[in-house]
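Reading through the structure tokens given below for one structure.
The values are calculated or read from the model by the stated rules, or taken from the named source; none is laboratory data. In this text the structure is predicted, and so the values were computed from the model without any measurement. As a convention, Cβ positions derive from the backbone with ideal geometry for all residues, glycine included, and neighbour counts pool all protein chains shown. For the accessible areas, the whole protein counts, side chains as well, though only heavy atoms, and no ligand, DNA or RNA atoms are used. Shrake-Rupley method; radii C 1.70, N 1.55, O 1.52, S 1.80 Å.
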Amino acid sequence: LGLLPLGKTQSPESLLDIAARKVAEKWPFQRVEERFERIPEPVQRRIVYWSFPRSEREICMYSSFNTGAEDPAAGPGGAA
């Protein structure tokens, strides 16, 4: 029987967090916004929270992702 230390309790995850995490795992937030007309703000916040990567490795991978959309040689207006 795995008992927690005295004074330490573990509460179950809320239904809101479970649902928001499942939505964030399957769909980008932009698609959720487009699909549903009204999303309560607390639900939006939790979906956005769960949409971001959790591990340091994933954060580094996404932060170094380059789409090639920005060209440092291009001047203002997009002309090189």
**OP:** Would you calculate the separation in nanometres between label points at Arg31 and Glu13, each defined as 7 Å from the Cα along the Cα-to-beta-carbon direction?
**Re:** 2.0 nm
**OP:** Apply the Karplus parameterisation 6.51 cos²θ - 1.76 cosθ + 1.60, with θ equal to phi minus 60°, to every residue of segment 18-29 and state each ³J(HN,Hα) to the nearest whole Hz, in sequence, with x for glycine and proline.
**Re:** 4, 5, 4, 5, 5, 4, 5, 5, 9, 10, x, 4
Subject >> Accessible area (Å², 1.4 Å probe, nearest 10) - Ile18 >> reply: 60 Å²
Subject >> Residues whose placed amide H lies under 5 Å from that of Ile39, excluding near-sequence neighbours >> reply: none
